[in-house]
1. About its Cα centre, how strong a charge dipole does the stretch 87-190 have in debye, to the nearest 20, once Lys and Arg get +1 and Asp and Glu get -1 at the Cβ?
2. Considering Cα pairs under 8 angstrom that are at least six residues apart, work out the relative contact order of the stretch 268-354 and quote it in whole percent.
3. With labels modelled as points extended 7 Å from the Cα through the Cβ direction, what inter-label distance (nm, one decimal) is found for Arg110 paired with Ala248?
4. Looking at the square roots a ≥ b ≥ c of the eigenvalues of the Cα gyration tensor of the stretch 248-356, which shape do they give, rounded for a/c under 1.5, prolate if a/b is larger than b/c, or oblate?
5. If I stretch the segment between Leu315 and Ala126 completely, what's the gain in nm (0.36 nm per residue apart, minus their alpha carbon distance), one decimal?
6. Using per-residue counts of other Cβ atoms within 10 Å, averaged over each peptide, order 347-354, 134-141 from highest down.
7. Among Pro303, Asn290, Gln273, flag the residue with its Cα farthest along the positive direction of the charge dipole of the stretch 248-356, charges on Cβ as +1 for Lys/Arg and -1 for Asp/Glu.
8. Using θ = phi - 60° and the Karplus form 6.51 cos²θ - 1.76 cosθ + 1.60, what ³J(HN,Hα) does each residue of the stretch 144-161 get, whole Hz, x for Gly and Pro?
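Read the figures in this text as sums done on the coordinates, not as results from a lab. Predicted model, so just to flag it, every value in this text is computed and none were measured. For neighbour counting, all protein chains shown are included, and Cβ atoms are generated from backbone atoms with ideal geometry for every residue, glycine included.
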Amino acid sequence: MRQPAHFDLLSPCSPESLFSSKHREKVSRAVLHYFGLLAISSTISFGPTTRAGAQPVAAEVPASVDSAAADALGTSAATQPLTSVGTPAIVEQPRSFGHVLGDVLTQRIRLEQAGRTLEPTAPPAADRVGLWLERRPAQIETDGEGQRWLAIDYQIVNAPRALMSVPLPALTIATNSGVTLAVPAWPISIGPLTPQAVFGQGELQALRPDRPVAALPTVNLQRQFFAALTVLGVVLLAWLGWWAWRNAREAHRLPFARAWQELRHLARTHRDQPLPAIPGAWLAMHRAFNATAGRVVHQAGLPRLLAEAPHLRPLAERLEDFYRQSAARFFADRPAAPYELLELCRELRQAEQRHAR
């Protein structure tokens, strides 16, 4: 591999080759290289002079400097200006430390320059910014002093394995007045969610045992439960009292309800004979029919009774059979056939209760 010119000067050479044409060419190239580097370094150190109010001018690189010298500086000196573009903006930067995955950082840029209110024409678009950040849509906010700010949110979307520094990107924001605001990069630190290794001492272990669930306080729940039970008991007692009062009132007011009470009393007091064989049971039923119609009812008067008491019509056949059995019981010489007198009275009582309600 061929060595650079300045290393060739230090290499051993004979007195005969000292003034050879090849050696003179090496010396001249090294001298040009040295002066080119010197000119560029002086330009970077001091920069071009500008007049008051004039715009900065990009530095010019002497034509005698070749591309190898420019590459040695790490930039293309022939095409890149050495001064920043845009007016420095007033920026409220987020906190630089203590951030982890999911945190949202807000960068606020003041929309004012030399007393003029600025309006951004093209705010930064919402997009993924590198491996660690995602930019959200920018919003314009107004603080308590009436100053307008361009708020840009960045969310951390990745977690490193160790603490590291990540910069918020530099921005240039164009405005409608022609002023371009320059926002510098801002470094932040992002920490890992968990360490790579645990300490292994005391309770600082990789896994912790299941934590027992603490019992919830139930004193208020018990009070509410017993209060609800008390209210329920009062309601049930009230309902039972109303039901008993209603039945007692109907037992004294409705004709067949009174007959039902009489028949049950006769059945308890005359256990040695069936209920249809007791004359008082048939008389109690006749009194109920008479009270319902408001007059004495015979078998021939059943159609009128059914017309005046339509709630008894579903039992019309049973009523005709009752009057036939009653006539046989009181006026015929043959004994009466078995008859479900108590069952008929129960059905008549239910029918009049439904009608009364």
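1. Details: 9 positive and 10 negative charges, 52 e Å.
It comes to approximately 260 debye.
2. Working: 44 pairs, mean separation 24.8, N = 87.
Relative contact order of the stretch 268-354: 28 percent.
3. 9.0 nm
4. Values: a/c = 1.95, a/b = 1.17, b/c = 1.67.
Oblate is the answer for the stretch 248-356, as a/c is 1.5 or above yet b/c matches or exceeds a/b.
5. 59.5 nm
6. Numbers: 347-354: 17.4, 134-141: 14.6.
Going by the mean number of other Cβ atoms within 10 Å, highest first, we get 347-354, 134-141.
7. Projecting each Cα onto the dipole axis, the largest value belongs to Asn290.
8. Each residue of the stretch 144-161 in turn: x, 8, x, 8, 9, 10, 9, 9, 10, 9, 10, 10, 7, 10, 8, 10, x, 7 Hz.
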